[in-house]
Amino acid sequence: MVLTDRELFLLVICTVFYITLFILVIQNNRRKIQLLQSRLDNIHAMQKMAVIEQRDHDVNSIFSSPVYQRIKQYIASGQNIAEDDWAELTEVVNRVYTGFTDKLFSLYRMSDQDYHVSLLIKIRLQPKDIATLTAHSKESVATTRSRLYQKVFGKKGSTKDWDDFILSI
(Lines give C-alpha, C1' and ligand atoms only; values in the text may rest on other atoms or scores of the structure.)
Protein backbone atom coordinates (compact mmCIF):
# COMPACT_ATOMS: atom_id res chain seq x y z
CA MET A 1 0.00 0.00 0.00
CA VAL A 2 1.36 3.39 -1.01
CA LEU A 3 0.49 6.56 0.89
CA THR A 4 -0.40 9.69 -0.95
CA ASP A 5 1.32 12.94 -0.10
CA ARG A 6 -1.75 14.12 1.77
CA GLU A 7 -2.00 10.92 3.82
CA LEU A 8 1.70 11.07 4.61
CA PHE A 9 1.36 14.71 5.67
CA LEU A 10 -1.58 13.85 7.97
CA LEU A 11 0.36 10.94 9.42
CA VAL A 12 3.33 13.19 10.20
CA ILE A 13 1.07 15.87 11.72
CA CYS A 14 -0.72 13.30 13.90
CA THR A 15 2.59 11.80 15.01
CA VAL A 16 3.97 15.23 15.94
CA PHE A 17 0.73 16.04 17.77
CA TYR A 18 0.84 12.85 19.84
CA ILE A 19 4.53 13.24 20.62
CA THR A 20 3.91 16.84 21.73
CA LEU A 21 0.94 15.76 23.83
CA PHE A 22 3.02 12.99 25.39
CA ILE A 23 5.80 15.44 26.26
CA LEU A 24 3.33 17.89 27.80
CA VAL A 25 1.78 15.16 29.94
CA ILE A 26 5.24 14.08 31.16
CA GLN A 27 6.18 17.68 32.00
CA ASN A 28 2.90 18.20 33.85
CA ASN A 29 3.45 15.02 35.86
CA ARG A 30 7.00 16.11 36.71
CA ARG A 31 5.67 19.46 37.99
CA LYS A 32 3.08 17.68 40.12
CA ILE A 33 5.75 15.37 41.52
CA GLN A 34 8.00 18.34 42.30
CA LEU A 35 5.12 20.14 44.02
CA LEU A 36 4.27 17.07 46.11
CA GLN A 37 7.96 16.57 46.95
CA SER A 38 8.18 20.19 48.03
CA ARG A 39 5.10 19.76 50.22
CA LEU A 40 6.53 16.61 51.74
CA ASP A 41 9.83 18.37 52.46
CA ASN A 42 7.88 21.17 54.17
CA ILE A 43 5.90 18.63 56.15
CA HIS A 44 9.05 16.83 57.31
CA ALA A 45 10.62 20.13 58.31
CA MET A 46 7.46 21.09 60.22
CA GLN A 47 7.40 17.77 62.02
CA LYS A 48 11.03 18.13 63.10
CA MET A 49 10.36 21.67 64.30
CA ALA A 50 7.24 20.53 66.16
CA VAL A 51 9.21 17.92 68.10
CA ILE A 52 11.78 20.52 69.12
CA GLU A 53 9.19 23.18 69.95
CA GLN A 54 6.97 20.80 71.89
CA ARG A 55 9.78 20.21 74.37
CA ASP A 56 9.71 23.91 75.19
CA HIS A 57 5.96 24.18 75.76
CA ASP A 58 3.57 22.71 78.23
CA VAL A 59 0.92 20.83 76.25
CA ASN A 60 -1.13 20.48 79.43
CA SER A 61 -1.75 24.22 79.31
CA ILE A 62 -4.27 23.51 76.55
CA PHE A 63 -6.21 21.09 78.73
CA SER A 64 -6.29 23.48 81.66
CA SER A 65 -7.25 26.52 79.57
CA PRO A 66 -10.67 28.15 80.05
CA VAL A 67 -11.60 27.57 76.41
CA TYR A 68 -10.89 23.84 76.71
CA GLN A 69 -13.05 23.67 79.81
CA ARG A 70 -15.89 25.41 77.91
CA ILE A 71 -15.44 22.96 75.02
CA LYS A 72 -15.87 20.06 77.44
CA GLN A 73 -19.11 21.68 78.66
CA TYR A 74 -20.30 22.13 75.06
CA ILE A 75 -19.67 18.44 74.40
CA ALA A 76 -21.55 17.42 77.53
CA SER A 77 -24.54 19.58 76.57
CA GLY A 78 -24.40 18.79 72.81
CA GLN A 79 -23.72 22.40 71.77
CA ASN A 80 -21.61 23.90 68.99
CA ILE A 81 -18.52 25.97 69.70
CA ALA A 82 -19.16 29.73 69.70
CA GLU A 83 -17.24 31.89 67.20
CA ASP A 84 -15.27 33.63 69.96
CA ASP A 85 -14.20 30.26 71.30
CA TRP A 86 -12.73 29.29 67.91
CA ALA A 87 -10.50 32.34 68.00
CA GLU A 88 -9.46 31.68 71.60
CA LEU A 89 -8.79 28.01 70.89
CA THR A 90 -6.67 28.95 67.88
CA GLU A 91 -4.65 31.30 70.05
CA VAL A 92 -4.08 28.68 72.77
CA VAL A 93 -3.07 25.98 70.28
CA ASN A 94 -0.72 28.33 68.40
CA ARG A 95 0.88 29.35 71.67
CA VAL A 96 1.68 25.73 72.53
CA TYR A 97 2.33 24.50 68.98
CA THR A 98 4.07 27.51 67.48
CA GLY A 99 2.67 28.41 64.08
CA PHE A 100 0.28 25.48 63.88
CA THR A 101 -2.28 27.47 61.87
CA ASP A 102 0.32 28.91 59.51
CA LYS A 103 1.77 25.47 58.90
CA LEU A 104 -1.63 24.06 58.00
CA PHE A 105 -2.56 26.90 55.67
CA SER A 106 0.84 26.74 53.95
CA LEU A 107 -0.02 23.20 52.83
CA TYR A 108 -3.57 23.75 51.65
CA ARG A 109 -6.06 26.62 51.76
CA MET A 110 -8.64 25.17 54.11
CA SER A 111 -12.24 26.08 54.65
CA ASP A 112 -13.37 26.95 58.17
CA GLN A 113 -14.79 23.44 58.53
CA ASP A 114 -11.47 21.87 57.46
CA TYR A 115 -9.53 24.04 59.88
CA HIS A 116 -11.92 23.52 62.79
CA VAL A 117 -11.79 19.75 62.38
CA SER A 118 -7.97 19.85 62.29
CA LEU A 119 -7.83 22.15 65.31
CA LEU A 120 -10.05 19.82 67.33
CA ILE A 121 -7.96 16.82 66.28
CA LYS A 122 -4.89 18.69 67.54
CA ILE A 123 -6.43 18.97 71.01
CA ARG A 124 -7.12 15.23 70.88
CA LEU A 125 -10.91 15.20 70.69
CA GLN A 126 -12.80 12.18 69.42
CA PRO A 127 -14.53 12.33 66.00
CA LYS A 128 -18.00 12.07 67.59
CA ASP A 129 -17.19 15.11 69.76
CA ILE A 130 -15.81 16.99 66.75
CA ALA A 131 -19.09 16.28 64.94
CA THR A 132 -21.07 17.69 67.87
CA LEU A 133 -18.92 20.80 68.21
CA THR A 134 -18.96 21.60 64.47
CA ALA A 135 -22.64 20.76 63.92
CA HIS A 136 -21.80 18.12 61.33
CA SER A 137 -22.37 14.40 61.15
CA LYS A 138 -19.67 11.89 62.10
CA GLU A 139 -19.62 10.86 58.44
CA SER A 140 -18.98 14.44 57.34
CA VAL A 141 -16.10 14.75 59.79
CA ALA A 142 -14.63 11.45 58.52
CA THR A 143 -14.95 12.61 54.91
CA THR A 144 -13.26 15.90 55.77
CA ARG A 145 -10.32 14.12 57.40
CA SER A 146 -9.67 11.68 54.54
CA ARG A 147 -10.20 14.40 51.90
CA LEU A 148 -7.67 16.68 53.59
CA TYR A 149 -5.09 13.90 53.60
CA GLN A 150 -5.61 13.39 49.88
CA LYS A 151 -5.43 17.14 49.13
CA VAL A 152 -2.21 17.65 51.09
CA PHE A 153 -0.36 14.44 50.22
CA GLY A 154 -1.77 13.77 46.74
CA LYS A 155 -2.76 10.21 47.57
CA LYS A 156 -5.61 8.43 49.28
CA GLY A 157 -5.35 8.11 53.01
CA SER A 158 -7.48 7.10 55.93
CA THR A 159 -8.93 9.35 58.57
CA LYS A 160 -6.28 8.03 60.95
CA ASP A 161 -3.55 9.12 58.52
CA TRP A 162 -4.79 12.71 58.72
CA ASP A 163 -5.12 12.53 62.50
CA ASP A 164 -1.58 11.19 62.84
CA PHE A 165 -0.26 13.95 60.60
CA ILE A 166 -2.06 16.69 62.57
CA LEU A 167 -0.76 15.31 65.85
CA SER A 168 2.77 15.22 64.43
CA ILE A 169 3.01 18.92 63.53
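Structure above, values below:
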| item | result |
| --- | --- |
| For the chain: accessible area per residue (Å², 1.4 Å) | 62 Å² |
| Of I13, I81, I43, the one that fluctuates the most in a GNM where the chain has Cα springs shorter than 10 Å | I13 |
| Options W86, I26, L11, ranked by Cα towards positive dipole end of the chain, top entry (Cβ charges) | L11 |
| Cubic angstrom per residue, convex hull over Cα atoms of the chain | 144 Å³ |
| Viscosity 1.567 mPa s, temperature 4 °C, Stokes-Einstein D of the range 86-137 from Kirkwood C-alpha radius, µm²/s | 114 µm²/s |
| Å³ per residue enclosed by the Cα convex hull of the range 101-169 | 74 Å³ |
| Estimated distance in nm for a label pair at V25 and A45, the labels positioned 7 Å out from Cα along Cα-to-Cβ | 3.4 nm |
| Accessible surface of the range 113-160, 1.4 Å probe, proportion on carbon and sulfur as whole % | 51 percent |
| Crossing angle, helix 5-56 versus the chain [Cα axis fit, 0-90 degrees, rounded to tens] | 20 degrees |
| Most mobile listed residue (R30, R124, R95) in the chain, GNM with C-alpha springs under 10 Å | R30 |
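The values are calculated or read from the model by the stated rules, or taken from the named source; none is laboratory data. Predicted model, so just to flag it, every value in this text is computed and none were measured. FYI the Cβ positions are ideal-geometry reconstructions off the backbone, even for glycines, and counts take in every protein chain you see. Surface accessibility is based on the protein's heavy atoms, side chains included, excluding ligands, DNA and RNA. Shrake-Rupley method; radii C 1.70, N 1.55, O 1.52, S 1.80 Å.
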